[in-house]
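Right, one structure below, let's go through it.
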Amino acid sequence: MTNTGAQKPADKAGPQGTMIFRVADVPATQDADDAQAGAVGSRSHLLGVSASVKDLRIVLRPGRTLVGRRENNDVVLSEPSVSALHAWIISSNGVSRVMNMLSTNGTFVNDQKVHEATLVHGDRLRFGTVEFIFQMGVHGGSGSVAAHSRKQMLLIAGGIAALALAAVAWVALRGG
């Protein structure tokens, strides 16, 4: 069984502020971008795949998130295959990395054993035998895919508008 702090009646935050909740706890009123990307709000998160964490969403806060069996970790996975301090997930500027902390049964990204790896949307992340899918937040910071695409579109639109204005001015000056 997995103990993630979600059973606490007063709040659903782990000892260091990591929010943990089940899919049913997510409000139905997400904005269209969030719903389309499958993200919880604007934050990157892990979605449980293994039976013991099925449909569990763990929102990753900026900075370091500790994952392991010990009660003082941000994410507590009470599974025998998970080490006391199994891994860190470090999130900064829209980029998330996982670092194995010398665990006994390893940390895997897409079935490849890793010491450290940068996570991308849809990666399968496994701590021992406990598996999650990494989902990047829509507005996860300046490095997120969605924010980067919006900035590119605005730059392109601005460039096209400037070229059109220059062409109109050239025609007006030449004809007049």
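The values are calculated or read from the model by the stated rules, or taken from the named source; none is laboratory data. The shown structure was predicted, so the numbers you read here are calculated from the model rather than taken from an experiment. Positions of Cβ are generated from backbone atoms using ideal geometry, with glycine treated the same way; all protein chains shown enter the neighbour counts. Only protein heavy atoms, including side chains, enter the accessible area calculation; ligands, DNA and RNA are left aside. Shrake-Rupley method; radii C 1.70, N 1.55, O 1.52, S 1.80 Å.
Quick check on R70: is it part of a loop (DSSP other than H, G, I, E, B), over 18 Å from G122 (Cα atoms) and without any contact (Cβ under 8 Å) to a residue 40 or more places away in the chain?
Judged against the criteria, R70 is a match.
Could you please find all residues in the range 94-115 being open to solvent by 70 Å² or more (accessible area, probe 1.4 Å), part of a loop (DSSP other than H, G, I, E, B) and closer than 16 Å to F134 by Cβ?
Scanning the range 94-115 gives N110, D111.
Can you find, within the range 53-63, the residue that is modelled with the lowest pLDDT among those that are surrounded by 15 or more Cβ atoms within 10 Å (Cβ to Cβ) and closer than 24 Å to L102 by Cβ?
Filtering first and then ranking leaves R61.
Among the residues of the range 116-146, which ones are open to solvent by less than 20 Å² (accessible area, probe 1.4 Å) and either modelled with pLDDT under 95 or assigned to a helix (DSSP H, G or I) (or both)?
Selection gives G137, V138, S144.
Among the residues of the range 46-93, which ones are farther than 17 Å from E131 by Cα and out of contact with any Phe, Trp or Tyr (no Cβ under 7 Å at 6 or more places or on another chain)?
R61, P62, G63, R70, E71, N72, N73, I90, S91, S92, N93
Inside the range 93-125, can you point out the residues that are aliphatic (A, V, I, L, M) and on the phi < 0 side of the Ramachandran plot?
Answer for the range 93-125, where residues must be aliphatic (A, V, I, L, M) and on the phi < 0 side of the Ramachandran plot: V95, V98, M99, M101, V109, V114, A117, L119, V120, L125.
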